[in-house]
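This report refers to the structure that appears directly beneath it.
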Amino acid sequence: MRIGELASRAGVSVRSVRYYEDQGLLASTRSASGQRHYTDVEVERVAFIQRLYAAGLSSRTIVELLPCVDAPSEENSDAALERMALERERLSAHIADLVRTRDTLDGLMAAARAHRTGLATATAD
């Protein structure tokens, strides 16, 4: 199949497919005229890449994890586990930052409500 069909079947843009190729996440064969050609396997791979992006992983991290998928081995699995542990730590730190930000926002909202209540009370008097 050609790039447009792959993009359509995978639910992504043609630009995304080209980006995945540029980043080394996806490979195609080329026709004599230089057109990209893909198989059903690449549809599944694009869906997998999309899930990894949705999980917050960068293309650089995904490239590091793909050998575990493409050529499973003890060495590739160990490297992938180590990389995933680093990503988990990064996500945990980001979640902690988000919780602190949410808690700060909750405090500001409480202060604004108290101020507003004070204004309403003062106006009613």
Pairwise label distance in nanometres, Ala120 with Ser8, each label 7 Å out on the Cα-Cβ vector
5.6 nm
Measuring from label point to label point, each 7 Å out along Cα→Cβ, what is the Arg83 to Thr39 span in nm?
2.3 nm
Please list the three semi-axes, largest first and in whole Å, of the ellipsoid equivalent to region 1-54, using sqrt of 5 times the eigenvalues of its alpha carbon gyration tensor.
18, 11, 9
Relative packing of peptides 74-83, 10-19 - highest average C-beta neighbours within 10 Å first:
10-19, 74-83
A student applying the Cα gyration tensor rule (rounded when a/c is under 1.5; otherwise prolate if a/b is larger than b/c, oblate if not) would label the chain oblate
What distance in nm separates the simple spin-label points at Ser59 and Arg90, each placed 7 Å from Cα in the Cβ direction?
1.5 nm
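Here, each number is a calculation from the coordinates, and none is a lab measurement. Because the structure is a prediction, the values reported are computed rather than measured. Cβ coordinates were reconstructed from backbone atoms using ideal geometry, including for glycine residues, and neighbour counts include every protein chain displayed.
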